[in-house]
Amino acid sequence: MHSNSERGGARRPVNRRGLRVVSTVAAVGALAAGMALVVTTSASAATTLGASAAERGRYFGAAVAANKLSDNTYVTILNREFNSVTPENEMKIDATEPQQGVFTFANADRIVNHARGRGMQVRGHTLAWHSQQPGWMQNMSGTALRAAMLNHVTQVATHYRGQIHSWDVVNEAFADGSSGARRDSNLQRTGNDWIEAAFRAARAADPGAKLCYNDYNTDDWTHAKTQAVYNLVRDFKTRGVPIDCVGLQSHFNPNSPYPGNYRTTLSSFAALGVDVQITELDIEGSGTTQANTYRNVVNDCLAVARCTGITVWGIRDTDSWRASGTPLLFDGNGNKKPAYDATLAALNGGTPPPTTPPTTTPPPTTPPPGGAGCTASVSLNSWNGGFVATVRVTAGSSGTNSWAVTLTLPSGAAVTNTWNAQASGNTGTVRFANVAYNGRVAPGQSTEFGFQGTGSGTGLNPTCTAG
């Protein structure tokens with residue numbers, strides 16, 4: 001959490017001993033107000049968030065502050081409910097290297113030891129970030145700053161080697177707005193490859209940890225910032241840059257509401273071959289509206305196999321960086337809210353992972369669709385003036401080594417962005433061909449690509465040819 005809303009909101013600075021860098025973002029996008037909250041449990045249902053998530057092969061975590069580990073109510077909830085922990089501020093640059101070359105880990109170690117001693121996993125947050133830098137780093141630039149950043153990544157990741165499940169290696173490197181550009185920062189000015197350099201240094205220092213890119217306002221699939229992060233991850237995967245996961249902060253409020261295409265965002269990142277983690281969830285609001293949105297987020301994560309966990313940014317409303325918006329699952333006294341009940345019910349309604357590895361599907365008794373070729377189908381997410389199309393390519397009885405999909409756009413429509421495919425043309429008849437990692441599709445199996453367009457996407461009728 002550290003977000004300045006893409007739709008407005010000014011930061012107010014905070015030091016590492018108190019709250020995080022904050023924004024004025026405020027409460028939740030909702031379902032219909034008349035929708036009733038229904039909580040169902042069974043005799044065998046798990047009774048805590050972490051236990052239920054674990055039954056579904058996932059984690060459910062919380063951001064934790066070291067100075068609250070002496071608060072009995074806080075610790076009781078933490079130990080009972082969660083199976084993952086993220087230090088709020090204690091692993092950030094100003095906390096771990098307050099003077100150049102002088103590292104301090106006491107507060108972060110306290111959180112790590114508390115978590116690991118109770119069987120919880122730990123998310124490391126964060127190794128490289130433009131914000132909450134100590135003064136010495138703020139005053140650096142160029143090659144000196146690059147060297148200092150890489151040394152910081154190496155030293156901190158090495159200190160915690162083997163103890164961290166996932167690192168937020170780089171945090172918030174893209175600008176808000178419609179440009180899709182990198183954020184202007186002292187780190188960015190060291191060269192456009194600074195993110196790649198940080199990931200490579202983190203892999204060398206802690207090869208067993210998952211390496212994540214983490215950002216805010218990347219929840220809505222149609223936003224330029226989301227697409228920019230997607231393109232970064234796709235580029236890294238194509239070139240072999242070590243990246244294992246993407247973190248969506250998901251701070252929801254009226255200015256940044258829960259988007260209806262959130263599941264599309266999760267599944268699209270996952271299709272690149274990375275895990276997706278909801279890293280800093282909080283949803284301003286109260287009552288049924290807030291509960292329904294928490295339920296939606298959990299259901300969306302459970303629907304995507306590579307959405308591996310959820311972290312709420314704090315435990316009680318009074319612990320939140322946005323306390324006035326009451327955005328968490330427990331009230332200030334530690335009581336469970338309707339949002340907690342909805343979250344647990346959604347987790348308990350999920351499908352457990354298979355107990356044994358899946359076996360190869362036997363040959364079907366009837367030929368897969370498309371005979372020896374392939375078929376394509378399209379689903380649309382439309383709004384006034386634009387759309388996102390998701391195209392599913394299904395291989396026929398011979399499978400594919402390559403494929404291409406051709407479709408004709410309605411008059412006035414144009415393709416503006418494409419993922420998981422290469423587009424030839426952007427108006428009229430457009431051809432989409434596979435990219436390096438998704439051309440080979442087994443018989444009867446499917447892969448997906450997508451594109452964003454202006455105008456209307458109605459009436460699309462794709463045809464598929466297999467190589």
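The values are calculated or read from the model by the stated rules, or taken from the named source; none is laboratory data. Keep in mind it's a predicted model, so treat the numbers as computed, not measured. Reconstructed Cβ throughout: ideal geometry from the backbone, glycine too, with neighbour counts over all protein chains shown. Only protein heavy atoms, including side chains, enter the accessible area calculation; ligands, DNA and RNA are left aside. Shrake-Rupley method; radii C 1.70, N 1.55, O 1.52, S 1.80 Å.
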Being more than 16 Å from the chain's Cα centre (by Cα) and either open to solvent by 10 Å² or more (accessible area, probe 1.4 Å) or in contact (Cβ under 8 Å) with a residue 24 or more places away in the chain (or both): is that true of V233 here?
no
From the residues in region 402-426 that are in a loop (DSSP other than H, G, I, E, B) and modelled with pLDDT of 90 or more, which one is nearest to N461 (Cα to Cα)?
L409
Would you check if there is a residue in region 61-82 being at pLDDT 95 or above, of a type outside the set (A, V, I, L, M, F, W, C) and within 22 Å of the chain's Cα centre (by Cα)?
yes
Scan region 42-73 for residues that are touching a strand residue (DSSP E or B) at 6+ places or on another chain (Cβ under 7 Å) and either of a type in the set (G, A, S) or within 13 Å of I315 (Cα to Cα) (or both) and report the count.
8
Does region 190-204 contain at least one residue that is of a type in the set (S, T, N, Q) and touching a helix residue (DSSP H, G or I) at 6+ places or on another chain (Cβ under 6 Å)?
yes
Starting from region 267-281, take each residue that is among the aromatic types (F, W, Y) and list its partners that are crowded, with 24+ Cβ neighbours inside 10 Å, counting only C-beta distances under 6 angstrom and pairs at least six apart or across chains.
F269/V246; F269/V276
Go through region 118-139 and report how many residues are within 18 Å of A197 (Cα to Cα) and open to solvent by 20 Å² or more (accessible area, probe 1.4 Å).
1
